[in-house]
Amino acid sequence: MLNLILKDILIQKRAILIGFLYIIFFVLIFPEKLGSAILAIALVTINYILVASSSASEDKTNSHILLNSLPISRRNIVLAKYLSLIVYSTIGIVAYMIIDMVAEIVNLPIEVHPVSLEGIVYGLFAVGLFNGIYLPILFKLGYIKSKAVHFLLFFTFFGSASYVVNFFKERMSPAAVENIVAFFMERSDLQIGLLLLGITFVMLLISYSLSLSFYKKREF
Amino acid sequence: MSAILEIKNLRKEFKGFTLKDISFSLERGFIMGFIGPNGAGKSTTIKLIMNLLKKDGGEIKVFGLDNIKHEQEIKNRIGFVFDESYFYEELTIQEMKGIIAPVYKNWSDQAFAKYLKEFDLPPRKKIKALSKGMKMKFSLAIALSHEAELLILDEPTSGLDPLIRSELLDILSSLIQDENKGIFFSTHITSDLDKIADYITLIHNGEIVFSSAKDDILDNYGIVKGDRSLLDKEMRKDFIGIKETSFGFEGLVSDKDKIRRLYKDRVVIEKPSLEDVMLYYTRRDFNA
């Protein structure tokens, strides 16, 4: 299992560097008012880049034939892809913290929103939601055929967030909105964080089961 | 002795091609050549054995075990070399080994280091910088470093120069001295098998034409040459394929002794090569 994740890191040293540069770019161009959302955006982006680059390299070399000829179960191949998300997110968080630190040390005239636990939770939720939708498609179709979906999903992901919120705001009664707001107000940050992490976990579990059932039927 | 590889009524349907309920088996201690023209079903059969394709019917047993139920155990004991390299091109030999080694129960770093040296493979070289022959040798080094009992080779020699091909054949013949192992070797370059194969299985259009001991084939089959005036309906029945020219005919028979008894010195009978046998069976314009 660990060697499969290690493989994902090894085959994309360059992509990790690109991901790092993207995070710098985000931190520099996005205004401070985005707050903790900026970390979520950065994490979804780095996961997007790294999932795309590892899958592209796998399709290019047809390495599914290699992996499936080795004594590795398809279950572990799928699971490794999901566990890689944690590794990629950790790389993203560390990169963000380094940038934050460097900005402070060299006294850059920009305000970098510091990494907070809240930001990490939102980030992991966004990464889980995005990849929870995409990975089953990847395992069903392979990267080349699902590349366009991945790209579209990425660009609609942020655009649609505010749309979804407005959609519900317009259609829900003010009382219902108030109830939801009240629900969150009554909960502590810790409770909300745990709830979000719980939802992320369940989402990924469902997504993993779907991916596995697709991948078990794939032919190479 | 039990079969190391046993295929019974194996079926796989694609659009435009069907592997038609094929059966054959390979005993321990032997090399089987799996021959046939391109598109005959060789790679499909191998992919079915490796569970890269899902079969539509039949049975595949490796080491006496069902290839799906005991997939992991079987793959731990199989070494494979495919016609193309499926390694991550960006990685070095050493890095790729680092990923593959932990998945095998019986991996030996000493054996791997020994083969790298023997095959002249530089561990720090990236896979994309290796020649086709070196990539094949790297696959072979991996296949030989985890005590594989069954080697499955899918067109390992295609596109390689004669020197590397002959090196590979030498390695395989020394390997099979251990009578507990088996080698299943698909190729359309039949001259590779003339020296080393014990059994030959010929596949054509998704069907097994024959699966027999190589010596039986080479001893019993014959290339018969003679004058066209001899070639009547009765005689044609004995031929697998015939090539006719204005001077005479040349054809393949499976029982050369019968032809010798019938036609004595009116015909010339020669020993066929495996290539002759394959061509006469598979070329449509050679139909008797």
Among strands (runs of 3 or more DSSP E) entirely within region B:9-77, at least 3 residues that are touching a helix residue (DSSP H, G or I) at 6+ places or on another chain (Cβ under 6 Å), away from every other protein chain (no Cβ under 13 Å) and on the phi < 0 side of the Ramachandran plot occur in B:31-35
By residue number, the members of region B:181-198 that are surrounded by fewer than 22 Cβ atoms within 10 Å (Cβ to Cβ), within 23 Å of B:Glu118 (Cβ to Cβ) and either at pLDDT 90 or above or not assigned by TED's automatic domain parsing to the domain that holds B:Leu160 (or both) are B:Lys181, B:Ile196
Going through (1) modelled with pLDDT of 90 or more; (2) more than 24 Å from B:Ile22 (Cβ to Cβ) one by one, B:Phe247 fails only at (1)
If we keep only residues of region A:41-100 that are out of contact with any Gly (no Cβ under 7 Å at 6 or more places or on another chain) and of a type in the set (Asp, Glu), then the residue nearest to A:Phe130 (Cα to Cα) is A:Glu58
Taking first residues from region A:69-83 that are in a loop (DSSP other than H, G, I, E, B) and second residues anywhere that are among the charged types (D, E, K, R), the pairs with Cβ under 9 Å that are 6 or more apart or on different chains are A:Leu70/B:Lys75; A:Pro71/B:Glu71; A:Pro71/B:Glu73; A:Pro71/B:Lys75; A:Pro71/B:Arg77; A:Pro71/B:Lys105; A:Ile72/B:Lys75; A:Ser73/B:Glu71
Just one listed residue, out of A:Ala95, A:Ala80, is more than 14 Å from chain B (Cβ to nearest Cβ), small (Gly, Ala, Ser) and surrounded by 20 or more Cβ atoms within 10 Å (Cβ to Cβ), and it is A:Ala95
message: Given the criteria assigned by TED's automatic domain parsing to the domain that holds B:Phe82, touching an Asp or Glu at 6+ places or on another chain (Cβ under 7 Å) and polar (S, T, N, Q), does B:Ser273 qualify?
response: no
### Task
Kindly indicate whether A:Ile29 is free of Cβ contacts under 8 Å to residues at least 12 places away in the same chain, of a type in the set (Val, Ile, Thr) and more than 10 Å from chain B (Cβ to nearest Cβ).
yes
Those residues of region B:78-96 which are facing chain A (nearest Cβ under 10 Å) and assigned to a helix (DSSP H, G or I) amount to B:Glu95, B:Met96
Screening A:Leu39, A:Leu50, A:Leu66 for residues that are modelled with pLDDT under 90 and either out of contact with any Pro (no Cβ under 9 Å at 6 or more places or on another chain) or in a helix (DSSP H, G or I) (or both) leaves only A:Leu39
With criteria (1) within 18 Å of the chain's Cα centre (by Cα); (2) without any contact (Cβ under 8 Å) to a residue 12 or more places away in the chain; (3) not in a helix (DSSP H, G or I), A:Val115 comes up short on (2)
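Per-residue answers, yes or no, for (1) of a type in the set (Ser, Thr, Tyr); (2) over 29 Å from A:Val78 (Cβ atoms):
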residue	(1), (2)
A:Val102	no, yes
A:Leu129	no, no
A:Val149	no, no
A:Leu153	no, no
A:Phe158	no, no
A:Thr200	yes, no
TODO: Check whether at least one residue in region B:60-68 is within 21 Å of the chain's Cα centre (by Cα), in contact (Cβ under 8 Å) with a residue 40 or more places away in the chain and buried (at least 21 other Cβ atoms within 10 Å of the Cβ), and report yes or no.
DONE: yes
Here the qualifying pairs (Cβ atoms under 9 Å; residues six or more apart or on different chains; first in region B:91-120 and more than 14 Å from A:Ile72 (Cβ to Cβ); second modelled with pLDDT under 90 and hydroxyl-bearing (Ser, Thr, Tyr)) come out as B:Glu95/B:Tyr88; B:Met96/B:Tyr88
The lone condition A:Ala56 fails out of (1) more than 18 Å from B:Tyr88 (Cα to Cα); (2) within 14 Å of another protein chain (Cβ to nearest Cβ) is (1)
Only unsatisfied item for B:Thr201, checking (1) closer than 23 Å to B:Asn106 by Cα; (2) surrounded by 20 or more Cβ atoms within 10 Å (Cβ to Cβ); (3) of a type in the set (Ser, Thr, Tyr), is (1)
Filter region B:97-108 for residues that are in a helix (DSSP H, G or I) and crowded, with 17+ Cβ neighbours inside 10 Å; the one that is farthest from the other protein chains (Cβ to nearest Cβ) is B:Lys97
Counting only helices (runs of 4 or more DSSP H) wholly inside region B:227-288, the ones holding at least 1 residues that are in contact (Cβ under 8 Å) with a residue 60 or more places away in the chain and touching a strand residue (DSSP E or B) at 6+ places or on another chain (Cβ under 8 Å) are B:274-282
Exactly one of A:Ile38, A:Ile18 is within 22 Å of A:Leu153 (Cα to Cα), more than 13 Å from chain B (Cβ to nearest Cβ) and either surrounded by fewer than 17 Cβ atoms within 10 Å (Cβ to Cβ) or among the polar types (S, T, N, Q) (or both), and that one is A:Ile18
Discussion item. I'd like to know if region A:4-15 contains one or more residues that are within 14 Å of chain B (Cβ to nearest Cβ), in contact (Cβ under 8 Å) with a residue 24 or more places away in the chain, assigned to a loop (DSSP other than H, G, I, E, B) and within 27 Å of A:Ile120 (Cβ to Cβ).
Written reply: yes
One residue is enough: does region A:105-123 have a residue meeting the conditions modelled with pLDDT under 80, more than 23 Å from A:Ile46 (Cα to Cα) and loosely packed, with under 12 Cβ neighbours inside 10 Å?
yes
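The values are calculated or read from the model by the stated rules, or taken from the named source; none is laboratory data. Everything numeric here is computed off the predicted structure, so don't read it as measured data. In this analysis, Cβ positions are derived from the backbone assuming ideal geometry, glycine residues included, and neighbour counts consider all displayed protein chains.
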